[in-house]
1. Calculated FRET efficiency, residue 166 and residue 66, Cβ-Cβ r, R0 45 Å, to nearest 0.05?
2. Sort 162, 41 by Cβ crowding within 10 Å, fewest neighbours at the top.
3. Where does each of 128, 80 land when they are ranked from fewest to most other beta-carbon atoms within 10 angstrom?
4. Compute the Rg/Rh shape ratio of the range 98-152: radius of gyration over Kirkwood radius, all on alpha-carbon atoms.
5. Where does the range 29-169 land on Rg(C-alpha)/(2.2 N^0.38 Å)?
6. Based on the alpha-carbon gyration tensor of the range 50-92 and its eigenvalue square roots a ≥ b ≥ c, which shape applies: rounded if a/c is under 1.5, prolate if not and a/b is larger than b/c, or oblate?
7. Can you give the extra length, in nm with one decimal, that the chain gains between residue 91 and residue 156 once fully stretched, where that is 0.36 nm per residue apart less the Cα-Cα distance?
8. On a full-extension model of 0.36 nm per residue, what is the gain between residue 128 and residue 108, subtracting their alpha-carbon distance, rounded to one decimal in nm?
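Values in this text are rule-based calculations from the coordinates and carry no lab data. Fair warning: this is a prediction, and the values are worked out from it, not measured in the lab. For neighbour counting, all protein chains shown are included, and Cβ atoms are generated from backbone atoms with ideal geometry for every residue, glycine included.
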């Protein structure tokens, strides 16, 4: 059973809770890794590029008041800090990252399903890790190309597919 955050809590309170849990999360190994955190289905979910280069995941169990163990999501190495967010009206958890080939990749899952396999997005090589955002119901991912230009790619709901990369500057 998961607990959701009561609607009576202010956004500032929720942000403070998430920040506190993310900062105080115990490390299962030495060294600090940059991570991405998102609330999904009433639990704080954290993702990072582990010391072994793999995409790692853990969740905070509110009932046990404890963090779960770090577990790898597949055996593929990644080359950036992941960017996680909830999509599809809060029903799908998506994680974006730069693959070792330099290209944007992602995995996703719905609450009752297993994680997808790694899905490549676009054919451009990236210099930076991605940042993902939903604005006006459009999922857009930003990253810097190898020439340093800010680029974007977004999911076109009408077409049911991702667009090509385009300049964002």
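1. Details: r = 44 Å, r/R0 = 0.97.
Result of the calculation: an efficiency of 0.55.
2. On the way: 162 18, 41 15.
Going from sparsest to densest Cβ surroundings: 41, 162.
3. Values: 128 16, 80 21.
Lowest to highest Cβ neighbour count: 128, 80.
4. Numbers: Rg = 12.5 Å, Rh = 12.3 Å.
Expressed as Rg/Rh, it is 1.02.
5. Working: Rg = 15.0 Å, N = 141, 2.2 N^0.38 = 14.4 Å.
Cα-based Rg divided by the globular estimate yields 1.04.
6. Details: a/c = 2.66, a/b = 1.20, b/c = 2.21.
Here the range 50-92 falls in the oblate category.
7. Using 0.36 nm per residue and subtracting the Cα-Cα distance, I get 21.6 nm.
8. Values: separation 20, 0.36 × 20 = 7.20 nm, distance 2.06 nm.
Stretched fully, the residue 128-residue 108 segment lengthens by 5.1 nm.
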